[in-house]
Amino acid sequence: MIRIGMLTSGGDCQALNAAMRGVAKTLYNSNEEVEIYGFLNGYQGLIHGRFRLLTYDDFSGILTKGGTFLGSSRTPFKMIEVIEEDGIDKVAAMKQTYYKLQLDCLVILGGNGTHKTANLLSEQGLNVVTLPKTIDNDLWGTDMTFGFQSAVDIATDCIDMIHTTAASHGRIFIVEIMGHKVGWLPLNAGMAGGADIILIPEIPYDIDKVAEKIKERHDRGASFTILAVAEGAISKKDAKLSKKELAKKQAESPYPSVSYEIAAKLTKKTGYDVRVTVPGHTQRGGAPCPYDRVFASRLGSEAGKLILKKEFGFMVGYKNREIVKVPLKDVAGKLKMVDPDASIIKEAKMLGISFGD
């Protein structure tokens with residue numbers, strides 16, 4: 001008998017269900033007897049013992065469904081070892097649930113923060129296998145995360161649709177794309193959608209350079225300009241602030257997000273009409289694209305294989321077009337940033353795209 005627990009933690013994304021299905025079907029199709037316990041709402045389910053025994057039917061018909069049928073929540077790693085007002089030792093509670101159910105392995109699907117906790121549990125002696133989910137594609141140790149391509153497709157569709165109204169009215173449009181710390185999503189969606197300016201966290205922008213690009217386009221006869229702006233885009237001036245100073249500035253800002261601040265400044269500097277569109281959580285929603293369905297299924301299948309081989313303490317990743325296993329200790333606490341000198345940035349600049357630098 002193989003008993004595994006499964007949970008999805010952090011922000012949801014497309015193909016979480018497809019990945020869990022990949023794990024389950026691989027185990028069910030082995031010669032082993034299998035029990036799978038689904039923990040509800042991420043680590044909270046593991047902490048409080050909220051779970052249900054899943055059946056084969058639970059994994060039927062979910063390949064194309066977005067979100068996660070187990071539910072998800074955020075349990076910040078910085079608080080995982082802190083005993084709060086409820087008096088619960090969260091790490092001890094998770095271990096107790098694991099041993100009470102006599103689990104052979106925990107399958108954890110999540111992003112950066114999720115992997116920090118997964119690695120902690122692994123170091124505490126629990127058998128853990130993880131899968132890399134995030135629309136940000138910022139997990140260390142894998143070239144791709146599932147959910148990313150689906151989010152790129154949605155963000156690109158948004159930029160595509162903005163093009164027609166921007167051209168019709170001769171406006172400047174800012175499309176704010178998710179990406180608080182890392183710019184893979186706005187970079188790829190911006191390039192795919194034909195954005196003229198892309199602003200990402202890794203390349204602090206100069207608002208005067210952005211205004212110059214817009215004026216240059218208008219001088220050439222272009223009636224509109226599209227900006228793909230990461231929600232975490234930062235100016236060169238703000239990049240020099242300490243974390244505390246930046247947090248204070250953002251807390252006191254009259255603007256709901258950086259895109260509205262950029263819009264106000266560009267209107268003042270150029271005199272042009274600037275509008276902001278924020279697709280927001282639509283980028284996490286809906287059915288996974290075909291690429292993510294296949295990719296998540298492959299990762300899930302490999303996770304099932306690791307469990308059958310009793311190889312624990314790994315994230316299933318993707319490197320150089322091959323599925324690989326990556327030690328959790330090599331993943332936890334690291335972000336895969338966009339290198340400002342990367343070839344994709346250089347090629348984008350050769351295409352005439354400005355990064356405001």
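The values are calculated or read from the model by the stated rules, or taken from the named source; none is laboratory data. Keep in mind it's a predicted model, so treat the numbers as computed, not measured. Positions of Cβ are backbone-derived with ideal geometry, glycine not excepted, and every protein chain shown enters the neighbour counts. Protein only, heavy atoms only, side chains kept; ligands, DNA and RNA dropped before computing areas. Shrake-Rupley method; radii C 1.70, N 1.55, O 1.52, S 1.80 Å.
Efficiency by 1/(1 + (r/R0)^6): what FRET value for LYS209 and LEU351, r their Cβ-Cβ distance, R0 = 25 Å, to the nearest 0.05?
About 0.90, to the nearest 0.05.
Given a 1.4 angstrom probe, what's the average accessible area per residue across region 56-158, in square angstrom?
41
If the only charges are +1 at each Lys and Arg Cβ and -1 at each Asp and Glu Cβ, what is the size of the charge dipole of region 1-138 around the Cα centre, to the nearest 20 debye?
That gives region 1-138 a dipole magnitude of about 180 debye.
Carbon-plus-sulfur fraction of the accessible area of region 223-343, 1.4 Å probe, in percent?
Looking at region 223-343 in its full context, I get 54 percent from C and S.
List the lysines whose alpha-carbon lies under 21 Å from that of LYS65, not counting same-chain residues fewer than 8 positions away?
LYS25, LYS133
Compute the projected area of the convex hull of the Cα atoms of region 210-321, averaged over all viewing directions, and report it in nm² to one decimal place.
Computed as one quarter of the Cα hull surface, the answer is 12.5 nm².
Below 8 Å between Cα atoms, with a sequence gap of 6+, how large is the relative contact order for region 1-78 in percent?
Relative contact order of region 1-78: 46 percent.
Under 16 Å from the Cα of LYS243, which aspartates and glutamates turn up, not counting those fewer than eight places away in the same chain?
Partners within reach: GLU202, GLU252.
R0 = 56 Å: FRET efficiency of ALA92 with LYS237, Cβ-based, nearest 0.05?
Plugging the Cβ-Cβ distance into 1/(1 + (r/R0)^6) gives 0.75.
So what is the relative contact order for the chain, in percent, with contacts set as C-alpha pairs under 8 Å and at least six apart?
24
Can you give me the pair-distance distribution of the chain, C-alpha pairs, 20 Å bins, whole percents?
29, 50, 20, 1
Grab the Cα-Cα distance for MET337 and SER253, subtract it from 0.36 nm times how many residues apart they are, and report the gain in nm with one decimal.
Separation in residues times 0.36 nm, less the Cα-Cα distance, equals 27.6 nm.
Mind checking which of LEU46, LEU227, LEU54 has the largest fluctuation in a GNM of the chain, springs on alpha carbons under 10 Å?
Residue with maximal mean-square fluctuation among LEU46, LEU227, LEU54: LEU54.
Subtract the Cα-Cα distance of ILE323 and ASP160 from 0.36 nm times their separation in residues, and report this length gain in nm to one decimal.
55.4 nm
Among MET191, GLN283, ILE62, whose Cα sits farthest toward the positive end of the charge dipole of the chain (+1 at Cβ of Lys/Arg, -1 at Cβ of Asp/Glu, about the Cα centre)?
MET191
If the cut-off is 21 Å between C-alpha atoms, which lysines fall inside it for LYS240, apart from same-chain ones fewer than 8 positions away?
Within the straight-line cut-off, LYS240 pairs with LYS181, LYS209, LYS248, LYS249, LYS265.
Which FRET efficiency, nearest 0.05, do THR267 and SER73 yield, Cβ-Cβ r, R0 25 Å?
0.05
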